[in-house]
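Peer 1: This is the structure I have questions about; it appears just below.
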Amino acid sequence: MDRMKGKVVLVTGAGSGIGRATSELLAAEGARVIASDIDRTGGEATAKAIGAAARFVAHDTSSEADWVRVIEGIRSAEGRLDGLANNAGIAGPFPSRFADETVEQWRRILAVNVEGVFLGCKVAVPLMREGGGGSIVNTSSLAAFVGTPDLSAYGASKGAVRQFTKTVAMDCARKGWKIRCNSVHPGVIATRMGDAILPDERARERMKKRIPIGDLGAPRDIAYGILYLLSDEARFVTGAELVIDGGMNAI
């Protein structure tokens, strides 16, 4: 119950799905959680469910000004930042094929999924350094490894997150900043985003047959991976890719 005792962690996209499960698990393991989301209703519900160990902050992760405001708020209220779960992301409409996708849609998805991660690392790292180090976990996807013809921009964005994670990891390590950076790669997870591509039970059953382990993932399955990478148990892990997909990437 104390794997994150005394640590302050910011979780973006905390209003639902993987972000909510991660926030709840981190708090249960002793962390002080700042749960951020552009969805105020969802984010406030997450913080309320956790109780005194969490607080909610409204946050558009595609906005540099919002990132500065959120991090400065943590500096003022908590005085330190030990962990960042860069989890906020969008997939866009399904299907979204490159030949038909609009430039506006493409840019919006990359603004949230890629620029949001870039900004989080850029703005949060100085506060982590002030506290002597920390850990960043960026939520990528199985889509970073395979073609995604029905989710063109989403797949491209997650590939970018995978690569950028390694860049941050190596830069921080070489400079001796004691900040680790790793990525998690969920497969098909039963979340609101997952429902967009699996709208009914027939579609879910078809998908289960494609997953070697025979079931969809749950948000908590990913949360446990994020917990490990944020904790001191992963002190020797940086620049790594943790794939949590029921075996799909092994096919």
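Any read-out appearing in this document is the output of simple, stated calculations on the displayed coordinates, not a laboratory observation. These numbers come from a predicted model, not from an experiment. Cβ sites come from the backbone with ideal geometry, for glycine too, and all protein chains shown count toward neighbours.
Peer 1: Do we have Ala190 as of a type in the set (A, V, I, L, M), touching a Phe, Trp or Tyr at 6+ places or on another chain (Cβ under 6 Å) and within 17 Å of Gly89 (Cβ to Cβ) here?
Peer 2: No, not satisfied.
Peer 1: Of the residues that make up segment 162-174, is at least one part of a loop (DSSP other than H, G, I, E, B), of a type outside the set (Gly, Ala, Ser) and buried (at least 16 other Cβ atoms within 10 Å of the Cβ)?
Peer 2: no
Peer 1: Another question, then. Of all residues in segment 82-122 being aliphatic (A, V, I, L, M) and farther than 26 Å from Thr191 by Cβ, which is nearest to the chain's Cα centre (by Cα)?
Peer 2: Filtering first and then ranking leaves Val103.
Peer 1: Identify the residue in segment 179-217 that is surrounded by 15 or more Cβ atoms within 10 Å (Cβ to Cβ) and among the small types (Gly, Ala, Ser) and, among all such residues, is nearest to the chain's Cα centre (by Cα).
Peer 2: Within segment 179-217, the match that is nearest to the chain's Cα centre (by Cα) is Ser183.
Peer 1: Tell me the strands (runs of 3 or more DSSP E) entirely within segment 1-85 that contain at least 2 residues that are buried (at least 24 other Cβ atoms within 10 Å of the Cβ).
Peer 2: Because the criterion is at least 2 residues that are buried (at least 24 other Cβ atoms within 10 Å of the Cβ), the strands (runs of 3 or more DSSP E) in segment 1-85 that meet it are 8-12, 32-37.
Peer 1: Okay, moving on. For segment 184-234, which helices (runs of 4 or more DSSP H) that fit wholly inside it have 2 or more residues that are in contact (Cβ under 8 Å) with a residue 12 or more places away in the chain and within 30 Å of Gly133 (Cβ to Cβ)?
Peer 2: Correct list: 219-230.
Peer 1: A further question follows. Go through segment 162-183 and give me each residue that's among the hydrophobic types (A, V, I, L, M, F, W, C) and in contact (Cβ under 8 Å) with a residue 60 or more places away in the chain.
Peer 2: Ala169, Met170, Cys172, Ala173, Cys181
Peer 1: Can you tell me which of Gly131, Gly120 is small (Gly, Ala, Ser) and more than 17 Å from Leu229 (Cβ to Cβ)?
Peer 2: From the options Gly131, Gly120, the qualifying one is Gly131.
Peer 1: Just the residues that are among the polar types (S, T, N, Q) and surrounded by 13 or more Cβ atoms within 10 Å (Cβ to Cβ), please, taken from segment 88-103.
Peer 2: The answer is Ser96, and nothing else.
Peer 1: Any idea which residue in segment 144-161 is nearest to Gly131 (Cα to Cα), counting only those that are assigned to a helix (DSSP H, G or I) and of a type in the set (Ser, Thr, Tyr)?
Peer 2: Ser157
Peer 1: OK, next. On the given criteria, is Ile109 surrounded by 18 or more Cβ atoms within 10 Å (Cβ to Cβ), closer than 20 Å to Gly239 by Cβ and in contact (Cβ under 8 Å) with a residue 24 or more places away in the chain?
Peer 2: No, not satisfied.
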